[in-house]
């Protein structure tokens with residue numbers, strides 16, 4: 001099958017990586033989510049053709065490479081490979097090491113090794129700058145993350161990695177919780193934090209489980225400490241923009257330190 005050329009991204013996390021590495025004109029299509037509020041794609045990218053993790057659609061687009069989210073390739077990747085197309089599936093990641101690994105692997109698959117190396121060098125420089133800011137502060141705040149469903153993030157999540165890189169203490173990890181936690185007002189009633197991080201409240205996925213937005217039990221949390229709402233597009237996954245989320249958290253910590 002003749003190739004139509006270019007790179008096609010099939011999902012939101014893949015969009016972020018492809019946008020971070022692609023050369024001008026290299027992207028043939030981005031995912032169906034690229035024009036959603038949860039996407040951080042620039043305006044020009046939102047006008048590109050749409051793609052889904054659907055073999056028939058991908059065979060019509062006939063790209064040089066189709067990029068899938070972690071766990072998103074599966075049967076579709078096998079089908080397009082039988083049709084003569086190449087697929088690449090991102091590895092699941094919960095930290096900046098995983099971001100580096102995905103950048104390197106995808107950069108190789110896209111023939112963009114130099115762009116991947118530059119992206120990693122930029123990431124490392126920004127993490128080093130955050131570390132220096134942390135060392136200069138007199139104390140570290142206790143930080144609670146809350147998403148619109150009322151869930152939070154404990155140890156071993158990319159939210160935890162961003163909080164720690166910014167110089168904060170993730171209170172959910174501090175109390176012994178790991179992974180992504182479900183809505184539980186009883187837990188939050190006994191958690192004290194200096195800074196509240198919220199995300200996906202106004203620019204996330206539509207859901208009927210928006211407990212934190214509407215449930216009265218969360219008001220004491222939302223109205224309590226310094227609240228900072230981070231753009232959902234910075235961390236729909238552990239992607240290249242996770243460092244942007246960490247820097248926004250660091251700015252909130254600096255504001256907290258400067259408060260009387």
Go through (1) on the phi < 0 side of the Ramachandran plot; (2) surrounded by fewer than 17 Cβ atoms within 10 Å (Cβ to Cβ) and name the single condition residue 164 misses. (2)
Hey, can you tell me all the residues within segment 110-120 that are more than 19 Å from the chain's Cα centre (by Cα) and assigned to a helix (DSSP H, G or I)? 113, 114, 115, 117, 118
Would you call residue 93 modelled with pLDDT of 95 or more, part of a loop (DSSP other than H, G, I, E, B), touching a helix residue (DSSP H, G or I) at 6+ places or on another chain (Cβ under 8 Å) and buried (at least 17 other Cβ atoms within 10 Å of the Cβ)? yes
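Just to be sure, is residue 70 surrounded by 21 or more Cβ atoms within 10 Å (Cβ to Cβ) and in a loop (DSSP other than H, G, I, E, B)?
No: the conditions fail for residue 70.
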Residues that are surrounded by 13 or more Cβ atoms within 10 Å (Cβ to Cβ) and farther than 19 Å from residue 235 by Cβ, drawn from segment 96-110: 104, 105, 107, 109, 110
For residue 130, state whether it is under 16 Å from residue 252 (Cα atoms), touching a helix residue (DSSP H, G or I) at 6+ places or on another chain (Cβ under 7 Å) and not assigned by TED's automatic domain parsing to the domain that holds residue 194. yes
Given the conditions (1) at pLDDT below 95; (2) within 30 Å of residue 123 (Cβ to Cβ); (3) crowded, with 20+ Cβ neighbours inside 10 Å, which single one is not true for residue 227? (3)
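The values are calculated or read from the model by the stated rules, or taken from the named source; none is laboratory data. This one's a predicted model, so the numbers in the text were calculated from it and none came from an experiment. Backbone-built Cβ (ideal geometry, glycine too); neighbour counts: all protein chains shown.
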